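K.L.:
Got a structure here, written out as structure tokens. Questions coming.
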Amino acid sequence: MKTSNFFIVIFLIFITTACGVNRSLQVKDNITFKDKAINEFLKTNLFKKGKVHRIDSLLLEKDIVYIGINETNFKVLASENEVEKIPECLEINNSLFIQGWKSKNFNAQHSINLLKKYGVLLDNTDENFFSFNVEVDDTRKELAIYFCKDNKSIFKKVKSNIAVGYYNIPKLKCKCIW
């Protein structure tokens, strides 16, 4: 009888510790979903294919965060004075990442400088404004990373040229069952 109680106590300690470890990692981990996704993207062959990449984000279901990154020939059609049209940009490993949202510490001038550096900013006062050609390549793949909203250490990656919403998102075990 004492042996079975011992195993029950050990089992309960294991279960509470397993859930507790995830919570403690969350508190210490101040990296954002975007940063984690970019780090994963840098490890893939998709990163080596281009110099300009687009980052998009969605909250799917109740507890799944989607971050998608792909190489793009995206152009920003705005003058330097139209700050509201300028996306947030960052440069990592000599590549430009154009973000689909703006953070609290958005620096428009920094983004404008990066867009110019990579030839992505097209001034809408330019006479060639309507003559640019953006090719659509349906074979171009994206790295989609699905995170648990409450624990970014739990995630799954999907490389695909199929748009989000047109395939089943991977199943993640986000909540501690016990």
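The values are calculated or read from the model by the stated rules, or taken from the named source; none is laboratory data. Only a predicted model underlies this, so the values are computations on that prediction, with no experimental measurement involved. A quick note on method: Cβ atoms are made from the backbone with ideal geometry, for glycine too, and the neighbour counts reach across all protein chains shown.
K.L.:
Please tell me if N73 is surrounded by 15 or more Cβ atoms within 10 Å (Cβ to Cβ), part of a loop (DSSP other than H, G, I, E, B) and either in contact with a Lys or Arg (Cβ under 7 Å, 6 or more places away or on another chain) or not aliphatic (A, V, I, L, M) (or both).
P.N.:
Criteria met by N73.
K.L.:
Let me ask something else. State whether one or more residues within segment 40-47 are among the polar types (S, T, N, Q) and either closer than 17 Å to K156 by Cβ or part of a strand (DSSP E or B) (or both).
P.N.:
yes
K.L.:
With the structure loaded, tell me whether L25 is within 25 Å of K156 (Cβ to Cβ) and either at pLDDT 85 or above or touching a Gly at 6+ places or on another chain (Cβ under 7 Å) (or both) or whether it fails that test.
P.N.:
Criteria not met by L25.
K.L.:
Let me confirm something: among N70, N93, which residue is at positive phi and touching a Leu at 6+ places or on another chain (Cβ under 9 Å)?
P.N.:
Exactly one of N70, N93 is at positive phi and touching a Leu at 6+ places or on another chain (Cβ under 9 Å), namely N93.
K.L.:
On to the next question. Out of curiosity, is A78 in contact with a helix residue (DSSP H, G or I) (Cβ under 8 Å, 6 or more places away or on another chain), farther than 21 Å from K141 by Cα, modelled with pLDDT of 85 or more and surrounded by 12 or more Cβ atoms within 10 Å (Cβ to Cβ)?
P.N.:
no
K.L.:
Quick check on this structure: which one of L96, L59 is in contact with a Cys (Cβ under 9 Å, 6 or more places away or on another chain), assigned by TED's automatic domain parsing to the domain that holds F41 and part of a strand (DSSP E or B)?
P.N.:
L96
K.L.:
Does K34 satisfy being in contact with a Ser or Thr (Cβ under 8 Å, 6 or more places away or on another chain) and in a helix (DSSP H, G or I)?
P.N.:
yes
K.L.:
I need the full set of residues from segment 99-122 which are in a loop (DSSP other than H, G, I, E, B) and of a type in the set (V, I, T), in order please.
P.N.:
V120
K.L.:
Could you give me the residue pairs with C-beta distances under 6 Å whose first residue belongs to segment 97-108 and is closer than 19 Å to V52 by Cβ and at pLDDT below 90, whose second residue is of a type in the set (D, E, K, R) and in a strand (DSSP E or B) wherever it lies, and which are 6+ apart or on separate chains?
P.N.:
Close Cβ pairs satisfying both conditions: G100/D56.
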